Amino acid sequence: MEFLQGRALLNAIGNLGLTGAYAEALSKLGQSLENVVSQEPDAALGNGGLGRLASCFLDSMATLNYPAWGYGLRYKYGLFKQRITKDGQEEVAEDWLELGNPWEIERNDVSYPVKFYGKIVPGSDGKSHWIGGEDIKAVAYDIPIPGYKTKTTINLRLWSTMVPSEDFDLSAFNAGDHTKAAEALTNAEKICYILYPGDESVEGKVLRLKQQYTLCSASLQDIIARFEKRSGANVNWEEFPEKVAVQMNDTHPTLCIPELIRILIDLKGLSWKEAWNITQRTVAYTNHTVLPEALEKWSFELMQKLLPRHMEIIEMIDEELVHTIVSEYGTADPDLLEKRLKETRILENVDLPATFADLFVKTKESTDVVPDDELENCDEEGGPVDEELESAQEDGVLEEESTDVVPDDELENCDEEGGPVDEELESEQEDDVLEEEKEAEAVQEPPQLVRMANLCVVGSHAVNGVAEIHSEIVTNEVFNEFYKLWPEKFQNKTNGVTPRRWIRFCNPDLSSILTSWLGTEDWVTNTGKLAELRKFADNEDLQSQFRAAKRNNKMKVVSFIKEKTGYSVSPDAMFDIQVKRIHEYKRQLMNILGIVYRYKKMKEMSAVERKAKFVPRVCIFGGKAFATYVQAKRIVKFITDVGATVNHDPEIGDLLKVIFVPDYNVSVAELLIPASELSQHISTAGMEASGTSNMKFAMNGCILIGTLDGANVEIRQEVGEENFFLFGARAHEIAGLRKERSEGK
């Protein structure tokens with residue numbers, strides 16, 4: 001769904017080995033390379049680590065000469081541009097495309113139809129035909145991704161949505177109904193307006209689902225067209241999984257699974273069995289989050305309306321799954337079977353497929369007779385109050401516990417991008433009480449949902465987490481029942497970052513030091529070579545060169561902070577940085593409260609005492625809070641208010657400064673990270689799947705303070721425990737701590 005590309009110029013000429021030649025050519029024209037580079041806006045196609053990881057993958061795949069493409073959407077207005085005012089964060093639309101994008105090649109010759117709504121009619125040929133509804137067109141825009149010191153250039157293909165000219169209603173326009181005339185065009189174009197549109201309204205949900213389906217449908221049609229073209233006259237579909245691998249980055253592209261099946265059965269004439277087998281062998285899934293609320297679930301009814309054929313296919317996949325589980329575990333223990341099905345089924349709160357309808361009938365009839373020792377755990381009808389209680393220990397933390405993190409009305413409802421999934425959160429307590437009373441009067445049916453993460457696991461041949469600790473949580477907790485069923489599907493692939501962008505080009509001073517001490521530039525493609533620096537660690541020449549490079553990088557940040565915030569900071573102070581999406585689990589709030597505490601302690605001391613006790617420190621924050629995530633936006637405002645107080649206190653001076661850098665993006669990161677001395681990676685243990693900025697800071701010569709979470713665990717093993725400030729509770733302790741807190745301890 002997102003690629004966080006950053007600027008392309010420096011990366012492109014660097015990968016081509018032409019930085020020096022370009023700089024020289026520009027200086028002859030009276031321009032400096034640095035100045036020209038800064039004119040390029042960051043591509044507004046992503047937001048956080050998920051999108052940046054995708055972009056780093058592209059750079060690495062091109063450098064390794066892999067024939068691989070990225071597929072995404074061409075968002076006109078991005079997520080948003082962040083402004084900081086006295087009221088905190090304000091969002092305005094990104095303007096990155098206003099002057100055109102010199103890096104993209106518009107491919108009007110490459111476009112595919114995408115359909116929504118409509119109905120399914122069986123044809124005389126025995127196939128299902130999806131007819132009627134709303135039709136749009138996805139047009140390709142290609143962005144070249146050059147590899148480092150290789151001729152290989154791969155492609156990032158982005159889809160833009162439109163309708164053909166004949167869909168413009170000329171008679172309505174001439175009759176003065178201009179809005180109606182352009183309705184089809186507006187509906188199509190708005191699909192690619194913004195990344196992660198607010199989804200608290202029905203319209204917002206429909207738009208997100210349309211985005212996801214557009215991405216999947218256009219990309220798969222393109223992949224299949226290329227496969228058919230290369231196969232020539234004799235297309236052998238059995239070969240498809242050997243020639244094509246489709247990697248789904250998180251659950252947003254889940255619809256690839258039913259869409260590939262639809263194309264193979266309805267358009268290419270394959271049988272269900274063939275299509276299902278080919279799809280599973282082609283598709284793989286990367287899980288990027290352990291927050292249960294961030295594993296996407298869509299309304300069954302909404303999906304049925306918007307994508308009727310896909311819902312038929314998803315129901316068939318669900319039936320396959322039920323069949324697999326029943327034949328694997330048998331029906332001897334109906335309670336255990338019911339629990340397993342409840343956990344693994346793709347359709348939540350939906351009746352079992354007709355073939356299995358009578359599976360639990362007998363057990364329901366006999367619920368009057370309950371052994372005494374179980375009685376205390378039963379509700380009025382004699383059914384267990386909570387099937388999940390039994391499995392609390394083996395299946396990890398209960399969702400009830402995991403909602404106690406922070407004001408639980410917030411975090412449990414936040415998706416991976418940090419946006420509340422359900423906007424009713426902020427509603428007053430009285431409303432909640434009224435709703436509870438209403439519910440008591442009429443017991444509401446639980447909503448029927450489609451669980452996208454479950455569909456991903458069932459439809460893929462491989463499922464990976466993105467750090468060792470995260471992959472353990474994935475197999476032991478999030479997908480434990482699936483892991484018991486298919487242990488061979490699950491694996492770990494710890495995230496990484498490209499050393500080209502994140503050392504070589506963003507930190508030229510450090511890069512030249514590394515190259516001169518190692519006597520080679522091979523470390524740029526083989527970072528293992530950096531270990532050879534160990535033997536020079538105590539060399540005073542190396543140390544003084546390293547310090548000079550760090551100071552030079554800090555001077556750039558001093559100017560940048562002055563320009564963006566008006567605050568003056570000292571380059572001799574320690575730069576303490578926390579830059580990432582603003583989210584409660586990432587705990588920027590705890591960091592700023594720690595700063596408030598330090599400030600109050602300073603104020604209690606005399607000037608002499610203060611100077612002796614504290615190291616001068618500049619605390620830098622950056623990151624966007626999702627537009628509808630109220631609590632995160634309050635944290636931004638709190639940080640900026642603390643900054644306004646501390647930075648204007650003459651008693652404190654350069655001993656403490658608090659800076660919130662507006663509109664954090666890749667280019668800002670490329671400036672801040674090389675200048676960092678301490679960086680904060682302090683998410684509640686067990687919640688950050690990996691994190692990648694931790695790697696960028698570490699490889700730019702910055703010490704980390706962090707919890708044992710995500711890739712921090714592996715970085716600490718790599719750099720040595722004595723070179724990592726460890727902080728906070730361990731992942732396995734969290735559930736117990738939450739329980740104690742919720743009991744008021």
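The values are calculated or read from the model by the stated rules, or taken from the named source; none is laboratory data. Here the structure is a predicted model, which means the values were calculated and not measured. Note that we place each Cβ from the backbone using ideal geometry, even for glycine, and neighbour counts take in every protein chain shown. The protein model used for the area step is the full one, side chains on, heavy atoms only, and it has no ligands, DNA or RNA in it. Shrake-Rupley method; radii C 1.70, N 1.55, O 1.52, S 1.80 Å.
Observations on the structure shown:
- Unmet requirement for LYS210, which otherwise passes all of (1) under 29 Å from the mean Cα position of the chain (by Cα); (2) part of a loop (DSSP other than H, G, I, E, B): (2)
- Only residues that are farther than 13 Å from VAL497 by Cα and buried (at least 16 other Cβ atoms within 10 Å of the Cβ) were counted in region 38-59, giving 9.
- Among the residues of region 494-506, the one identified as open to solvent by 30 Å² or more (accessible area, probe 1.4 Å) and of a type in the set (A, V, I, L, M, F, W, C) is PHE505.
- Filtered residues of region 167-202 (kept if in a helix (DSSP H, G or I) and open to solvent by less than 50 Å² (accessible area, probe 1.4 Å)): ALA172, ALA181, ALA184, ASN187, ALA188, ILE191, CYS192
- Qualifying residue in region 88-99 (condition: under 30 Å from LEU267 (Cβ atoms), assigned by the TED database to the domain that holds ILE13 and either open to solvent by less than 20 Å² (accessible area, probe 1.4 Å) or among the aliphatic types (A, V, I, L, M) (or both)): no
- Annotation for region 87-110: at least one member residue is in contact (Cβ under 8 Å) with a residue 60 or more places away in the chain, outside any strand (DSSP E or B), within 27 Å of GLY46 (Cβ to Cβ) and not aliphatic (A, V, I, L, M).
- Considering region 695-736, and only residues there that are assigned to a helix (DSSP H, G or I) and acidic (Asp, Glu), the residue that is surrounded by the most Cβ atoms within 10 Å (Cβ to Cβ) turns out to be GLU714.
- Single match in LYS127, LYS137 (criterion: over 31 Å from the mean Cα position of the chain (by Cα), of a type in the set (D, E, K, R), open to solvent by less than 70 Å² (accessible area, probe 1.4 Å) and at negative phi): LYS127
- ALA62 being open to solvent by less than 20 Å² (accessible area, probe 1.4 Å), of a type outside the set (Asp, Glu) and closer than 25 Å to LYS580 by Cα: no
- Test result for LEU593, open to solvent by 10 Å² or more (accessible area, probe 1.4 Å) and of a type in the set (A, V, I, L, M, F, W, C): yes
- Subset of region 140-154 [touching a helix residue (DSSP H, G or I) at 6+ places or on another chain (Cβ under 9 Å), in a strand (DSSP E or B) and surrounded by fewer than 19 Cβ atoms within 10 Å (Cβ to Cβ)]: PRO144, THR153
- Only one of the listed residues (ALA711, ALA729, ALA735) is under 21 Å from the mean Cα position of the chain (by Cα) and touching a residue at least 24 places away in the same chain (Cβ under 8 Å). That residue is ALA711.
- Residues in region 648-665 that are within 17 Å of VAL557 (Cα to Cα), of a type outside the set (Ser, Thr, Tyr) and in contact with a helix residue (DSSP H, G or I) (Cβ under 9 Å, 6 or more places away or on another chain): LEU656, LYS657, VAL658, ILE659, PHE660, VAL661, PRO662, ASP663.
- Of all positions in region 507-515, none carries a residue that is open to solvent by less than 50 Å² (accessible area, probe 1.4 Å), in contact with a Gly (Cβ under 8 Å, 6 or more places away or on another chain), assigned by the TED database to the domain that holds THR324 and of a type outside the set (Gly, Ala, Ser).
- Set LEU336, LEU359: member being modelled with pLDDT of 90 or more and either in a helix (DSSP H, G or I) or not β-branched (Val, Ile, Thr) (or both): LEU336
- Lone qualifier among LYS190, LYS243, LYS229 - being among the charged types (D, E, K, R) and under 23 Å from ALA43 (Cα atoms): LYS190
- Qualifying positions in region 441-461 - closer than 19 Å to HIS288 by Cβ and assigned to a helix (DSSP H, G or I): MET452, ALA453, ASN454, LEU455, CYS456, VAL457, VAL458, GLY459
- Subset of region 281-308 (residues that are part of a helix (DSSP H, G or I) and more than 15 Å from ARG262 (Cβ to Cβ)): ARG281, PRO292, GLU293, ALA294, PHE300, GLU301, LEU302, LYS305
- Of the residues making up region 586-605, those that are over 29 Å from LEU291 (Cα atoms) and in a helix (DSSP H, G or I) are VAL596, TYR597, ARG598, TYR599, LYS600, LYS601, MET602, LYS603.
- Residue list for region 453-491, restricted to those being of a type in the set (Ser, Thr, Tyr) and either in contact (Cβ under 8 Å) with a residue 24 or more places away in the chain or open to solvent by less than 10 Å² (accessible area, probe 1.4 Å) (or both): SER460
- Within region 570-590, no residue satisfies the criterion of being β-branched (Val, Ile, Thr) and open to solvent by 10 Å² or more (accessible area, probe 1.4 Å).
- Residues in region 11-29 that are among the hydrophobic types (A, V, I, L, M, F, W, C), open to solvent by less than 60 Å² (accessible area, probe 1.4 Å) and either touching a residue at least 60 places away in the same chain (Cβ under 8 Å) or farther than 20 Å from SER511 by Cα (or both): ALA12, ALA25, LEU26.
- Candidate set from region 530-555 (those that are part of a helix (DSSP H, G or I) and among the small types (Gly, Ala, Ser)); member that is nearest to the chain's Cα centre (by Cα): ALA531
- Cβ pairs under 9 Å, 6+ apart, first in region 343-356 and at positive phi, second aromatic (Phe, Trp, Tyr): ASN349/PHE300
- Elements of type strands (runs of 3 or more DSSP E) contained in region 606-694, each with 1 or more residues being charged (D, E, K, R) and open to solvent by less than 30 Å² (accessible area, probe 1.4 Å): 656-661
- The set of residues from region 586-621 being within 13 Å of GLN680 (Cα to Cα) and either in contact with a Leu (Cβ under 7 Å, 6 or more places away or on another chain) or not assigned by the TED database to the domain that holds PHE660 (or both) comprises just one member, ILE620.
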